[in-house]
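Here is the structure we will look at.
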Amino acid sequence: MMQQFMKELEQDPFDAEEFVERLAWRTIAETKNDGDEGELNPTLLHESFVQAIKDLTLLQERQQKKCEKLETAVREEEATFFQEIYTLLEQNKQAIGTFQELDSKINHVATKVLHLGDQLDSVNGPRSRVVDAQKMLTHMTEFLSADSPSSPIFTDPELIDEAADMIQKLYIISQDLPEGKFDSVIQKIERKYCDIEKKLIEEFVNAMSNNDLQKMKKIANTLSQFRGYSECIDAYIEQSQPESLTSKDVFGHLFSLCKYNNEIIQKVFKNPEQVMAKFVLNIYQLKLMEYIGQRLDSKLGSYNYLQTLFELYSKTNQLSNDLAVFNMGNDKNYLSKLTTNIFNKYLNDYILIETKCLKERCVTNLQKYYESKNHQKKPIQSGGFQDLRRDLQAVIGTRANINIAQIENYGGETFLSEELAVMVLQDTKHAFQRCQLLSRPKDRASNAAQILDRLINSLLIEHVDYAVELGLQAIPVEGSKSSPVLYFFKVIHLSNNILHLIEKQFTDLVVPMAENTPKYNECLQKKKMVLDDIERKIKTGQDRCINAISTWVRVYLQSEQKKSDFKPETDDFDTVSSPACRAVLNYLNAVIKEIRSNLDGNKVTQVLEELGIKLHKVIYDHILQFQYNTAGAMVVICDLNEYRACMKSMGPHVTDLFETLHALCNLLLVKPENLPQVCSEDSLGRLDRMVLQSFIQLRSDYKSQKQAFSRV
């Protein structure tokens, strides 16, 4: 049991309540095993607990003794370790003292060594200079006595480095020799100097061919003291740029070439910034200038020339941006200056070519479009005289009941093309993009204004304005007996689409270039002036269309509406709208559909409301021309119901007008005794009494019951 308790007590975590529960259940289980299946035996359970307490107490005493024994052993080991640590600390103190003493001795010895080194240098320096001077005098003697020096360093190719060092010193000395007496010596040294310099450059080129960077660096360092150092750099540049224009992607190849050679230049030359700058200068002024000249000097048309110029300038700028990561000195504008030098002669007359090309393409596109329509553009007469002539034709035609105006509607052709507009706008878009890149900053706004002028002239004036003028002339003259066929709403639709495209291009491309410059207001005013003129003509066309519709309705109703429609002699008739009303409604429904399909936004609401107001006036005046019996009143109310249903789409104001007119027409049908009550209702109560009387007088029974009607 003691072992069992030990296992349970050593569990982690230990739960005392669970331990007691297990002990109790274990005791109960043993009781059942003994055959006692009855109730719980508390006595046995108590004895089991008492025995467990004794066992646990004994176990505690044993464990306590073990703990005391282990604590004693630990205290003894702790004392031993403390003694060892104290001994080690004493030894460490002794070692630190020894180290400090040794460091002091080393410093003392080092001081003596430095002093001795200085003494040796003071002795060796003059001796070395004397030796060098003796060598130079020896070689100078050779130049004085012989045609050419015979020393091994000047004859052995393997000693070229020593020969270079010596000839450099002799050359410097020769520059101080007096002329006349030493001319021959100076010339000999000069020849040898040039000869060695030439050999070093040849050695450099050979090392470059073998990709021997170490040797190249060594020779470059030696040549850096010679006059021909720049020739060494030129040789490197020439050898490193063979056939650099033969690649399909010239600009990509040039960048890769610069990147590769920049790494070599950094390793080989003492002044890599200047060498890299000269390397790039050679690429721009020789390679790129030649390539760009070949591309642009070939026989290109204006459009292809501009596209090629734009492409080359863009790629050159991109190359400059890519090369900016390399260190080429302190001039941050170095690459942009190189680019400017290349393209200066092409950019001077850029805008002249641009505007000329744009004009030619626009004229060609417009001409092709009108040719496809078999149309020959003609001069347009507009203004006060033309409008007066049209008005006179309308008046004469209406009164004389003849059509004297010759209206050409071109079979419904609008002479407006969104495809043509997109083509022109695409050309101007490319022109604006080229203008942004190729124009000098001070000329950019002015150049953009010139391109905008060409766009306005070609697309707005020559195409949209011309089409609107033709559309105005194609609107039937008011008073025509045949129902007017109106194509002008389609002209408005196409014009608005094109105007929106132009406005978007102006905002996206012109504004960024011209904003905050004096040219901005100029561009804005020019565009606004032309657009306002077109808008004015469109508004004139809308008014003419509305007048043509309302006038035709008036003329048609006057000629086709019969008096018998509203004053039938018998009561045997169908209470349906009159034939004249149905014909008018068929036409009006087609007109409303045409307006809604071609106009949008506020334009639809505005035009329909204007048309509805005019139609209300026409129908109102038309109703006042007849007399109505009871059956006729029902017919006119049927007509008005049809008119009212048609006019609901023309806005709330028009709807109110026809609701009021409907209420007035009800006065034709109401019994005389009920008229005062009907006239006082909301819809009629606010109207002038004269208006009410004018409708009441239309009743056929008005004269017979005039006294009853007068009370209204």
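The values are calculated or read from the model by the stated rules, or taken from the named source; none is laboratory data. None of the values given here were measured: they were computed from a predicted structure. Glycine gets a Cβ as well: all are built from the backbone with ideal geometry, and neighbour counts include every protein chain shown. Side chains are part of the model used for accessible areas, which takes the heavy atoms of the whole protein and leaves out ligands, DNA and RNA. Shrake-Rupley method; radii C 1.70, N 1.55, O 1.52, S 1.80 Å.
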Provide a single number: the residues in the range 689-712 that are modelled with pLDDT of 80 or more, in a loop (DSSP other than H, G, I, E, B) and in contact with a Leu (Cβ under 7 Å, 6 or more places away or on another chain). 1
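List the helices (runs of 4 or more DSSP H) that sit entirely inside the range 459-547 and contain at least 3 residues that are under 31 Å from the mean Cα position of the chain (by Cα) and modelled with pLDDT of 90 or more. Talk me through it step by step, then tell me what you get.
On the way: elements: 466-474, 488-505, 511-514.
By residue number, 488-505, 511-514.
Residue by residue through the range 284-305, note down the ones that are within 33 Å of the chain's Cα centre (by Cα) and not in a loop (DSSP other than H, G, I, E, B).
Restricting attention to the range 284-305, the residues satisfying the condition of being within 33 Å of the chain's Cα centre (by Cα) are 284, 288-289, 291-293, 295-296, 300-305.
If the condition is that a residue be within 33 Å of the chain's Cα centre (by Cα) and not in a loop (DSSP other than H, G, I, E, B), then Y284, L288, M289, Y291, I292, G293, R295, L296, S302, Y303, N304, Y305 are the ones that fit.
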When residues of the range 328-377 are filtered for being open to solvent by 90 Å² or more (accessible area, probe 1.4 Å), in a helix (DSSP H, G or I) and farther than 30 Å from M276 by Cα, how many remain? 6
Name the residue that is most open to solvent (accessible area, probe 1.4 Å), counting only residues in the range 262-296 that are of a type in the set (D, E) and touching a residue at least 12 places away in the same chain (Cβ under 8 Å). E290
Reported set for the range 652-666 where residues are modelled with pLDDT of 90 or more and over 16 Å from G685 (Cβ atoms) is P652, H653, V654, T655, L657, F658
Conditions (1) buried (at least 18 other Cβ atoms within 10 Å of the Cβ); (2) touching a helix residue (DSSP H, G or I) at 6+ places or on another chain (Cβ under 7 Å); (3) at pLDDT 90 or above; (4) more than 14 Å from F489 (Cβ to Cβ) -> N589 fails only (1)
Taking the range 1-49 and keeping residues modelled with pLDDT of 75 or more, loosely packed, with under 10 Cβ neighbours inside 10 Å and not charged (D, E, K, R) leaves P42, T43
Members of the range 193-207 found to be in contact with a Lys or Arg (Cβ under 8 Å, 6 or more places away or on another chain) and open to solvent by 50 Å² or more (accessible area, probe 1.4 Å), listed by number: E203
Please specify each residue of the range 636-648 satisfying the condition of being within 51 Å of the chain's Cα centre (by Cα) and buried (at least 17 other Cβ atoms within 10 Å of the Cβ). C646, M647
Selected residue [modelled with pLDDT of 90 or more, out of contact with any Asp or Glu (no Cβ under 7 Å at 6 or more places or on another chain) and either over 23 Å from P568 (Cα atoms) or of a type in the set (A, V, I, L, M) (or both)] from R596, R686: R596
Criterion violated by T655 - all others in (1) without any contact (Cβ under 8 Å) to a residue 12 or more places away in the chain; (2) open to solvent by 60 Å² or more (accessible area, probe 1.4 Å) satisfied: (2)
State all residues of the range 667-688 that are open to solvent by 50 Å² or more (accessible area, probe 1.4 Å), polar (S, T, N, Q) and assigned to a helix (DSSP H, G or I); if no residue qualifies, say none. N674, Q677
